[in-house]
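Report on the structure given below.
The values are calculated or read from the model by the stated rules, or taken from the named source; none is laboratory data. As the structure is a prediction and not an experimental result, all values here were calculated from the model. With ideal geometry, Cβ positions are generated from the backbone for all residues, glycine too; neighbour counts draw on all protein chains shown. Surface areas here come from the heavy atoms of the whole protein model, side chains and all, with no ligands, DNA or RNA. Shrake-Rupley method; radii C 1.70, N 1.55, O 1.52, S 1.80 Å.
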Amino acid sequence: MVSGPCGQDSAQVPSPLDPDNPREWCALAAACLSRDQPEAALDAARQAVERDPLAESGADWGYRLASLAFERLGRDAEAVAAAEEAVRLAPGSWAARLRLGAALRRVPGRWRESWVQAARAVRYAPEEPDPHVLLGDLALLRGEHRRAGTAYRDALRRLDGHPGARINLGLVFLRWERPRGHHDPAWPVDPRETGRARRAMEVWSRQVRVLLAVSLAAVAVVAFGPGLVTEARFGGAVVPAAVLAITLRQAHRVRLWPYIPGMLARDPWLGVSVSITLIAVAAYVAAIATLPRTAPSLLFGPVTEPADGGWAALATLVLLNGMAVIVLRALIEAWRGRPVRALAEFAAVHEDRTARRDIDVTLWLVAGRAWSVLAVVAGAALFLGEPGWAFAAPVVPLALGWAHARGGLAPCLRQVLVTDRLLKVALALLVAASLALGVAAAGPALGLPGMVGAWSLRAGIGMLAALVAVSATRSARAWWRGAPGPWRASLIMCESCGPRLPGDAGPPVGLSGEVRRAFTYARGVVLACTDPTGPRALAVGSVSSVGPGGELRLIAADDVWRAAEHDPRVAVFVADPLDRRFWVEVRGIAIGDTEAAVLRITPKHVMVGEYPGRHQGRLRPG
């Protein structure tokens, strides 16, 4: 076996037996892509294109493979250019449309064009799964979860084990938002520009809230320590001027003001950050204006007057708003979506690395839910003095077991826990804490000494605190290493994951020599199509030509053109023009070429059958 150009492991991938055959070079490029060697695939695709300048062997295949190689190399502009050339050569090819849509998805401001191409691919080949997956991906990128879920289910009905559809459908169940959720891919603006605007607003919010918190703390120390209330109020009144300076400086960096309302609507936490900052400014001004002469905080003594209680509430809002937002966000992200349904989708394709990563993150989200339930139960039992509240704690291990069974985690849980040992510790602490709280609740009913219940309650609370430390350790280690952490933002989409090559890398349908001759010399051609009135069979005088790449060019009447515009999926029938031994059916996509005044039909499926007689109408490939 001769070594091929597919890198160090190319001994298993032979070079083309016929170096002058472009289709063999395309097959080699596809083999290199399947081995994740895009540079070698690009070289082979270029060889195919150079050897087929007149598109005699389906040159759109070479351009599609080149586009996919460019995409995997991060050269998005070149990927789009190659895909556009593939569409020009074969406008009725669903694979070319799919490739162009996938390439355009990565170019800022061209989401709508990508959607149009993906929709055309679905219209041309509704039986194929990959066009539906691309529609789902495009919808998911915009946060349109219902539309994305519909598209992924359509894909799975066509190929149940499609890894991209499975993994991304799991993200739909989790109500996943992409990291740059503030940016609408349909906006005709570079996401880096909206990213700069978002960073400016985040910096403004962070700086203003920290400044207000530090300033109010200093004002309280000066006013309630030495008793210099007037001086403290005067010093605190200067701070809004500094807030205004910070605001003007950061506002100068925001160059996309028309997009700011949309960014705040698309990214709820950005909106919360901006809103809480404005509220903190108002609370700070009110706190300075109503600064009491004695410390009203519960930290220094009981509140004796309603006015003092109001000032304490204002001070708490200014000082602790950041912590409140962090806790609120952690709880909302843990309780958002349907993680068990998502785990079932991920586990169905757990061999994929992306699926295992999303399983790990989802299990941390499940652990966050369980922890919040146990924290509420323990808090109620502790502060209300009613240990009976802890009777709900044993529900947590049962819920975890149900999630394990319903999520289908048996084949992959061990592998996930070996990779993430802290997750194993976190789950063990959850089970131990729930059992300890259950013992604390059941102690009086079982006649156990009161000390046993008290210590069990403390042990459960201690293990919940230890779980917080484990989660913090896991987060810190992930942040330090730049690895995925136990948070929702670490969930990722599946893009061309798995060993299966996407459908846009497949070869085009070719026509054999006898099929070409049948269409070239036939004088009676029948075209089956669908117009608004229903299916129709229309006579076509002849095929004007058969393109070198297998494309049929038909001269047809206006009603055929209108039918093709209504539904481009057509079938063309022709009989052997010489001795009537066989017939040919070509199913394909009809695109009108107004300049040449012909219908261009790109084949999707070719079938050849022999007329009844000695061979009894046997079918054979075309």
Once amide H atoms are placed 1.01 Å from N in the peptide plane, what residues at a sequence separation of 5 or more from residue 109, or on another chain, have their amide H within under 5 Å of its amide H?
189
Which of the peptides 338-346, 603-611 is most tightly packed, and how do the rest follow, judged by the mean count of other Cβ atoms within 10 Å per residue?
338-346, 603-611
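If you take every residue apart from residue 109 with its C-beta less than 13 Å away from the C-beta of residue 109, what net charge results, scoring Lys and Arg +1 and Asp and Glu -1?
Numbers: positive: 105, 106, 110, 112, 192; negative: 76, 113, 184, 190, 193.
Net local charge, residue 109 excluded: 0.
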With each pseudo-label sitting 7 Å past Cα toward Cβ, what's the residue 458-residue 475 distance in nm, one decimal?
2.8
Counting sequence-distant residues (5 or more places) and residues on other chains, those with an amide H built under 5 Å from that of residue 598 are 593
Tell me which DSSP H helices of the chain clear both cut-offs, 24 Å or more of axial length from alpha-carbon atoms and a mean Kyte-Doolittle hydropathy of at least -0.5.
191-224, 229-251, 268-289, 306-335, 353-383, 421-446, 450-481
Could you work out the local net charge near residue 217, counting Lys and Arg as +1, Asp and Glu as -1, over the other residues with Cβ closer than 15 Å to its Cβ?
+2
Residues of segment 115-133 with the amide nitrogen closer than 18 Å to a label point 7 Å from the Cα of residue 528, along Cα-to-Cβ, please.
125-127
Determine the calculated [θ] at 222 nm for the chain from helices alone, applying -39500 (n - 2.57) to every DSSP H run no shorter than 4 residues and normalising by the residue count; nearest 500 deg cm²/dmol.
-20000 deg cm²/dmol
Starting from 0.36 nm per residue, how many nanometres of slack lie between residue 320 and residue 380 once their C-alpha separation is accounted for?
19.3 nm
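Output the peptides 212-222, 351-361 sorted from most to least packed, where packing is the average of other Cβ atoms within 10 Å over each peptide's residues. All intermediate terms of the calculation are to be shown ahead of the outcome.
Details: 212-222: 18.5, 351-361: 20.5.
By packing density, highest mean first, the sequence is 351-361, 212-222.
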Suppose a student asked you for the relative contact order of the chain, using Cα pairs under 8 Å spaced at least 6 residues apart; what percent would you report?
11
Distance from segment 132-149 to segment 324-402 (C-alpha centre basis), Å:
26
Each residue of segment 492-500 in turn: what ³J(HN,Hα) in whole Hz from Karplus with 6.51, -1.76, 1.60 and θ = phi - 60°, glycine and Pro shown as x?
9, 6, 9, 10, 6, 8, x, x, 6
Just to confirm, what accessible area per residue do you get for the chain at 1.4 Å probe, in whole Å²?
49
Each residue of segment 581-593 in turn: what ³J(HN,Hα) in whole Hz from Karplus with 6.51, -1.76, 1.60 and θ = phi - 60°, glycine and Pro shown as x?
7, 9, 10, 10, 10, 10, 9, x, 10, 9, 10, x, 10
12 Å beta-carbon shell around residue 208, net charge (K/R +1, D/E -1)
+2
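Roughly how many percent of the accessible protein surface of the chain is carbon and sulfur, given a 1.4 Å probe and a whole-percent answer?
Values: 18520 of 30290 Å².
The computed percentage sits at 61.
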Between residue 538 and residues 5 or more places away or on another chain, which pairs have amide H atoms under 5 Å apart, with H built 1.01 Å from N, and which residues are they?
527, 528, 529
